[in-house]
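K.L.:
Encoded as structure tokens, here's the structure I'll be asking about.
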Amino acid sequence: MLLDSIHGPADVRRLGYPELDQLCEEIRSFIVDTVSTTGGHLGSNLGAVELTLALHRVFDTPNDILLWDIGHQAYVHKVVTGRRAGFASLRQAGGLSGYLSRDESEFDWIENSHASTALSYAHGVATAVELQQLDRKVIAVIGDGSMTGGMAYEGLNNFGVTGRRAVIVLNDNGRSYAPTHSMLGESLTRLRLNPHFTRQRARFRRVLEGIPLVGRRLHRGVESAEAAVREMWEPPAFFEQLGVRYTGPIDGHDIEGLEKALRHAAAWPGPIVVHVLTQKGRGYGPAEDHEEHNLHDFKVLDASAGAPAPSFTAAFSDALVKAGEADRSLVAVTAAMPGSTGLIPFQERFPDRFVDVGIAEQHAVTAAAGMAMLGLKPVVALYSTFVTRAFDQLNLDVGLLHQPVVLCIDRAGITGDDGASHHGVLDMALLTKIPGMTVFAPSSAQELQVMLDDALALTDGPSAIRWPKTGSRVVRPEDVGSGLQARCVRRGSGAVAILAVGKLVEAAEQAAGALATDGIDATVWDVRVCKPLDPEMIADAARHGLVVTAEDGIIAGSVGSQIVEAVSAATPRRTAPPSLVLATPVGYIPHGKPDDILATLGLDASGIAASVRAAIPTSPLPT
């Protein structure tokens, strides 16, 4: 098998084209087999096989700097750069990252699991290469939807302004900017990028300019004719109007053609876009035929675990459709993730009230503010890790203007397999600092449904509902709260009060059960609303000997720290009880199974119980 002989890019460079075709087949089979076992990003990687091989054959990596905009199209890059053996542990605790990783390889320059940033990285790197007069080429691969993100255009604009030298590969797999093209357009671009042609054209222009009296007019006439042809036959003149050269479209599965285009592009003295057409999911029928994501993110079900628990996302999806049926002013907004955020049923039921803005979270939030200004009720569904990209807009475009935008945050807290860049641990610390923001955290599927109705009823400012990726509890009707009130789920003797947020309510209840066997009778509160905090809950906590908070969010600026501050403020005439804030640490947490990570952090039932046991002997009852 050829793949056994590939230990680095040099091994790929020595192969002939028939061997490369065989290698492509072997790599695709390897990726399908691996991802079917470990889970991971499938479709985008299957489409980038030939492109990846061509890039490593044309450029001298890692001396030449290859930047991948979205790390989930870089599995082939990992295979080619000597990490094939590590794929058995892909996205497993202590194993190979599902994205690029500077800690794994000198070939990985950026982690970049968030889209649309590579061109900004590339502009910075190209600036350093130029100023330091380094003999290194800069290549950025963007695509898989990344061209819908605003930062991509900011990067392009700066390349056009500065003229910094870089090859920008637009991997167009049907989910990104796709300009119209024709055979004439392809012929023109192939000709225009041929080095011999460009030299002859430059010489011709110099001759024209040297003709007395009419030379400059003739030169301008030739330029106008070229521009007219580009506008007529090549809509990607868009790039050239920004000052960035364009070539393409090129068959992204023709390695020989790709290499010629990349070599010509590498000779260009400024920024140039190489537009490559690839097929997402290529070579694997189920991925090719999967309409929504081309099996973008493949999940592996654990058959030994039995039936999966109901998900918060499914509960949200059902609740949103019901709310949409009852209120025609409700609009659902997403940033290129309608399926994974549960919006597909709403989209199918109310297509005219569904808005997908692409990978543009900032735009999604501010557009939602505009909708709210004229009486619509926008519900913006995002992952927690992507909410932080739009914090400025949430604060100033929504919060400052008191617009009733409802932010629905999926994958909040510790998410697991995708690692440090995808843990949603910042949302509560950030959102609770926005004046007028109401923040809900459901502990069950039924709580989420109630909270959506409560959030939609708010009219004087924004609100957010955040829930985890893991399964949801289904509880009895009497175990569901309402409004902005917290819920006391267990009444203890007064020794300790555990105030838990969202998913950790279940762990807190289990911890209280374990503590009871030691004679520690704990009170447990489901915080429910992280902002504003329920005064009744705060007053009750202040009457206990120890106040413990538990949440799957970052400890700095946490809800727990705000609870402790509120308890202190509620006891001005006496000493506030000692407190213990349990939350995620300030740091980048590696990938692993969510519950395993929480256990390691002491945020499971046994960890909470152990923390209480360690603290309670020194905690006298308040006087």
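K.L.:
Looking at (1) within 27 Å of residue 465 (Cβ to Cβ); (2) of a type in the set (Val, Ile, Thr); (3) crowded, with 19+ Cβ neighbours inside 10 Å, which is the only condition residue 586 fails?
P.N.:
Of (1) within 27 Å of residue 465 (Cβ to Cβ); (2) of a type in the set (Val, Ile, Thr); (3) crowded, with 19+ Cβ neighbours inside 10 Å, only one is false for residue 586: (3).
K.L.:
Okay, moving on. Checking residue 7 against (1) part of a loop (DSSP other than H, G, I, E, B); (2) touching an Asp or Glu at 6+ places or on another chain (Cβ under 7 Å), which single condition isn't satisfied?
P.N.:
If we test residue 7 against (1) part of a loop (DSSP other than H, G, I, E, B); (2) touching an Asp or Glu at 6+ places or on another chain (Cβ under 7 Å), just (2) comes out false.
K.L.:
Take segment 389-399 and flag every residue that is surrounded by fewer than 23 Cβ atoms within 10 Å (Cβ to Cβ) and either without any contact (Cβ under 8 Å) to a residue 60 or more places away in the chain or part of a loop (DSSP other than H, G, I, E, B) (or both).
P.N.:
391, 392, 393, 395, 396, 397
K.L.:
Quick one: in segment 529-543, of everything that is surrounded by fewer than 19 Cβ atoms within 10 Å (Cβ to Cβ) and touching a strand residue (DSSP E or B) at 6+ places or on another chain (Cβ under 9 Å), which residue is nearest to residue 501 (Cα to Cα)?
P.N.:
Just the residues of segment 529-543 that are surrounded by fewer than 19 Cβ atoms within 10 Å (Cβ to Cβ), to begin with: 532, 535-536, 539, 543.
Next cut, touching a strand residue (DSSP E or B) at 6+ places or on another chain (Cβ under 9 Å) only: 532, 536, 543.
Numbers: 532: 13, 536: 16, 543: 20 Å.
Among those residues, the one meeting the criterion is 532.
K.L.:
Another question, then. Report, by residue number, each residue of segment 400-424 that is part of a loop (DSSP other than H, G, I, E, B), among the aliphatic types (A, V, I, L, M) and in contact with an Asp or Glu (Cβ under 7 Å, 6 or more places away or on another chain). Full working, then the answer.
P.N.:
From segment 400-424, those part of a loop (DSSP other than H, G, I, E, B) are 400-405, 411-412, 414-423; that's our starting set.
Filter once more, keeping what is among the aliphatic types (A, V, I, L, M): 400-401, 405, 412, 414, 420.
Listed by number, the residues that qualify are 412, 414.
K.L.:
Inspect segment 558-575 for any residue being touching a helix residue (DSSP H, G or I) at 6+ places or on another chain (Cβ under 6 Å) and modelled with pLDDT under 95 and give the result as yes or no.
P.N.:
The answer is yes, given that some residue of segment 558-575 is touching a helix residue (DSSP H, G or I) at 6+ places or on another chain (Cβ under 6 Å) and modelled with pLDDT under 95.
Every residue, every condition in (1) surrounded by fewer than 16 Cβ atoms within 10 Å (Cβ to Cβ); (2) assigned by TED's automatic domain parsing to the domain that holds residue 53; (3) modelled with pLDDT of 90 or more; (4) touching a strand residue (DSSP E or B) at 6+ places or on another chain (Cβ under 7 Å), yes or no:
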| position | (1), (2), (3), (4) |
| --- | --- |
| 221 | yes, no, no, no |
| 224 | yes, no, no, no |
| 229 | yes, no, no, no |
| 248 | no, yes, no, yes |
| 262 | no, yes, yes, yes |
| 265 | no, yes, yes, yes |
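K.L.:
Suppose we keep only residues that are assigned to a helix (DSSP H, G or I) and β-branched (Val, Ile, Thr) within segment 309-348. Which one would you say is surrounded by the fewest Cβ atoms within 10 Å (Cβ to Cβ)? Reasoning before the result, please.
P.N.:
From segment 309-348, those assigned to a helix (DSSP H, G or I) are 312-326, 344-348; that's our starting set.
Checking the rest, the ones that are also β-branched (Val, Ile, Thr) come to 313, 321, 344.
Working: 313: 23, 321: 19, 344: 15.
Residue satisfying both the conditions and the ranking: 344.
K.L.:
Quick check, is residue 386 of a type in the set (Phe, Trp, Tyr) and either under 20 Å from residue 339 (Cβ atoms) or outside any helix (DSSP H, G or I) (or both)? I'd like the intermediate steps shown before the answer.
P.N.:
Values: of a type in the set (Phe, Trp, Tyr): yes; either under 20 Å from residue 339 (Cβ atoms) or outside any helix (DSSP H, G or I) (or both): yes.
Yes; evaluated as a whole, the condition is true for this residue.
K.L.:
Would you say residue 499 is touching a residue at least 24 places away in the same chain (Cβ under 8 Å) and either assigned to a helix (DSSP H, G or I) or in the same structural domain as residue 326 (by TED's automatic domain parsing) (or both)?
P.N.:
no
K.L.:
State all residues of segment 336-376 that are within 15 Å of residue 324 (Cβ to Cβ), in contact with a helix residue (DSSP H, G or I) (Cβ under 6 Å, 6 or more places away or on another chain) and not aromatic (Phe, Trp, Tyr); if no residue qualifies, say none.
P.N.:
Correct list: 338, 342, 345, 349.
K.L.:
Within segment 148-164, how many residues turn out to be out of contact with any helix residue (DSSP H, G or I) (no Cβ under 8 Å at 6 or more places or on another chain) and either buried (at least 21 other Cβ atoms within 10 Å of the Cβ) or farther than 19 Å from residue 237 by Cβ (or both)?
P.N.:
The qualifying residues number 2.
K.L.:
Now a separate question. If you go through segment 23-74, how many residues are among the acidic types (Asp, Glu), within 16 Å of residue 122 (Cβ to Cβ) and surrounded by fewer than 24 Cβ atoms within 10 Å (Cβ to Cβ)? Give the steps one after another, and end with the answer.
P.N.:
Taking segment 23-74 and keeping what is among the acidic types (Asp, Glu), we get 25-26, 33, 50, 60, 64, 69.
Subsequent filtering for residues that are within 16 Å of residue 122 (Cβ to Cβ) retains 64, 69.
Narrowing the set further to residues that are surrounded by fewer than 24 Cβ atoms within 10 Å (Cβ to Cβ) leaves 64.
Within segment 23-74, residues that are among the acidic types (Asp, Glu), within 16 Å of residue 122 (Cβ to Cβ) and surrounded by fewer than 24 Cβ atoms within 10 Å (Cβ to Cβ) number 1.
K.L.:
Given the structure, is residue 432 surrounded by 20 or more Cβ atoms within 10 Å (Cβ to Cβ), closer than 30 Å to residue 92 by Cβ and of a type in the set (S, T, N, Q)? Working first, answer last.
P.N.:
Working: surrounded by 20 or more Cβ atoms within 10 Å (Cβ to Cβ): yes; closer than 30 Å to residue 92 by Cβ: no; of a type in the set (S, T, N, Q): yes.
The answer is no for residue 432.
K.L.:
Would you please list the contacts, defined by Cβ atoms under 8 Å and residues six or more apart or on different chains, that run from a residue in segment 128-156 that is in the same structural domain as residue 118 (by TED's automatic domain parsing) to a residue that is surrounded by fewer than 24 Cβ atoms within 10 Å (Cβ to Cβ) and aromatic (Phe, Trp, Tyr)?
P.N.:
Pairs that qualify, where the first residue is in the same structural domain as residue 118 (by TED's automatic domain parsing) and the partner is surrounded by fewer than 24 Cβ atoms within 10 Å (Cβ to Cβ) and aromatic (Phe, Trp, Tyr), are 137/59; 139/59; 140/121; 147/177; 148/177.
K.L.:
Mind checking whether some residue in segment 495-504 is under 28 Å from the mean Cα position of the chain (by Cα) and surrounded by fewer than 24 Cβ atoms within 10 Å (Cβ to Cβ)?
P.N.:
Step one: list which residues in segment 495-504 are under 28 Å from the mean Cα position of the chain (by Cα), which gives 500-504.
Now restrict to residues that are surrounded by fewer than 24 Cβ atoms within 10 Å (Cβ to Cβ): none.
So far as segment 495-504 goes, no, none of its residues is under 28 Å from the mean Cα position of the chain (by Cα) and surrounded by fewer than 24 Cβ atoms within 10 Å (Cβ to Cβ).
K.L.:
Continuing with the same structure: Please state which one of 108, 103 is surrounded by 23 or more Cβ atoms within 10 Å (Cβ to Cβ), under 24 Å from residue 60 (Cα atoms) and of a type outside the set (Lys, Arg).
P.N.:
On the way: 103 fails: surrounded by 23 or more Cβ atoms within 10 Å (Cβ to Cβ).
Of the residues listed, the single one that is surrounded by 23 or more Cβ atoms within 10 Å (Cβ to Cβ), under 24 Å from residue 60 (Cα atoms) and of a type outside the set (Lys, Arg) is 108.
K.L.:
Further question on the same structure: Any residue at all in segment 452-467 that's surrounded by fewer than 20 Cβ atoms within 10 Å (Cβ to Cβ) and polar (S, T, N, Q)?
P.N.:
Yes, there is a match, as at least one residue in segment 452-467 is surrounded by fewer than 20 Cβ atoms within 10 Å (Cβ to Cβ) and polar (S, T, N, Q).
K.L.:
Look through segment 306-335, keep the residues that are touching a Gly at 6+ places or on another chain (Cβ under 8 Å) and farther than 23 Å from residue 404 by Cα, and return whichever of them is modelled with the highest pLDDT.
P.N.:
This residue is 314.
K.L.:
While we're here: Looking only at segment 231-246, filter to residues that are part of a helix (DSSP H, G or I) and under 16 Å from residue 166 (Cα atoms); which one of those is modelled with the highest pLDDT?
P.N.:
Looking only at segment 231-246, we keep the residues that are part of a helix (DSSP H, G or I), and these are 231-233, 237-241.
Narrowing further to those that are under 16 Å from residue 166 (Cα atoms): 239-240.
Values: 239: 86, 240: 83.
Applying the filter and picking the extreme gives 239.
K.L.:
Something else: Of the conditions (1) out of contact with any Ser or Thr (no Cβ under 6 Å at 6 or more places or on another chain); (2) surrounded by fewer than 24 Cβ atoms within 10 Å (Cβ to Cβ); (3) not aliphatic (A, V, I, L, M), residue 95 clears all except one; give me its number.
P.N.:
(1)
K.L.:
Another one. Any residue that is touching a Leu at 6+ places or on another chain (Cβ under 8 Å), outside any strand (DSSP E or B), in contact (Cβ under 8 Å) with a residue 60 or more places away in the chain and not assigned by TED's automatic domain parsing to the domain that holds residue 322 - is there at least one of those in segment 442-464?
P.N.:
The answer is no, given that none of the residues of segment 442-464 is touching a Leu at 6+ places or on another chain (Cβ under 8 Å), outside any strand (DSSP E or B), in contact (Cβ under 8 Å) with a residue 60 or more places away in the chain and not assigned by TED's automatic domain parsing to the domain that holds residue 322.
The values are calculated or read from the model by the stated rules, or taken from the named source; none is laboratory data. The structure presented is a predicted model; accordingly, all values stated were derived computationally and were not measured. FYI the Cβ positions are ideal-geometry reconstructions off the backbone, even for glycines, and counts take in every protein chain you see.
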